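Have a look at the structure below before the remarks.
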Amino acid sequence: MKYCHRCHKLTLGEPVFCNFCGSTYSVKLCGRLHPNPRSAQACSQCGSRDFSTPQPKIPIICRPFVALLHVAPRLIGTSLLAGALYLLFHAISHDPRFLQGLVCLLFLAVAVALIWKLMPKWFQGFLKTSFHLIAFLLKATIRLFSSKNRPSKGARNRT
């Protein structure tokens with residue numbers, strides 16, 4: 001996600017241009033999209049003098065705040081995940097029913113892992129292929145019956 005300092009909007013992903021105002025992020029691009037520094041007068045690869053307009057440069061004082069803006073969503077998500085995990089482990093450690101269930105799941109996971117390791121390689125390959133085939137068929141069935149492929153209610157059948 002990138003923040004444009006010209007139009008003050010966020011663009012998702014790692015774009016080269018702002019989706020709203022069209023300015024580039026911290027570089028000048030020629031017509032062939034060769035990246036050049038802000039101070040370039042001509043493209044270093046093709047010699048073109050037709051450049052895109054880069055967004056305004058960030059003042060040094062504001063750079064820590066902009067960096068915090070980039071990191072803030074990840075920090076908030078990580079702290080929410082850590083809080084949820086803490087509450088889960090707190091509930092598990094203070095209630096014996098949860099603890100018994102966790103031990104049973106652990107034993108089941110170990111048993112499944114041991115059975116998988118003891119299977120012959122050809123049988124493991126067969127199971128993997130079968131699983132991928134079933135997953136493919138399920139996805140195809142979901143696509144077939146999804147609402148995107150159905151005609152809209154207002155559409156008429158013209159014959």
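The values are calculated or read from the model by the stated rules, or taken from the named source; none is laboratory data. Everything numeric here is computed off the predicted structure, so don't read it as measured data. FYI the Cβ positions are ideal-geometry reconstructions off the backbone, even for glycines, and counts take in every protein chain you see.
Taking the range 35-66 as the range and being of a type in the set (A, V, I, L, M) and either loosely packed, with under 10 Cβ neighbours inside 10 Å or under 20 Å from ASN19 (Cα atoms) (or both) as the test, the residues that pass are ILE58, ILE60, ILE61, VAL66.
Test ILE58 against the stated conditions and say whether it is modelled with pLDDT of 85 or more and within 18 Å of LYS2 (Cα to Cα). Here the answer is no, as ILE58 does not meet what is asked. For SER26, are the conditions met, namely being assigned to a loop (DSSP other than H, G, I, E, B), within 18 Å of MET1 (Cβ to Cβ) and among the small types (Gly, Ala, Ser)? Judged against the criteria, SER26 is a match.
Condition check ((1) assigned by TED's automatic domain parsing to the domain that holds CYS18; (2) under 30 Å from the mean Cα position of the chain (by Cα); (3) of a type in the set (S, T, N, Q)) across all residues:
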site: SER39; (1), (2), (3): yes, no, yes
site: CYS43; (1), (2), (3): yes, no, no
site: CYS46; (1), (2), (3): yes, no, no
site: PHE51; (1), (2), (3): yes, no, no
site: CYS62; (1), (2), (3): no, yes, no
site: VAL66; (1), (2), (3): no, yes, no
site: PRO73; (1), (2), (3): no, yes, no
site: SER79; (1), (2), (3): no, yes, yes
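Just one residue in the set THR24, THR78 is hydroxyl-bearing (Ser, Thr, Tyr) and touching a residue at least 24 places away in the same chain (Cβ under 8 Å); that residue is THR24.
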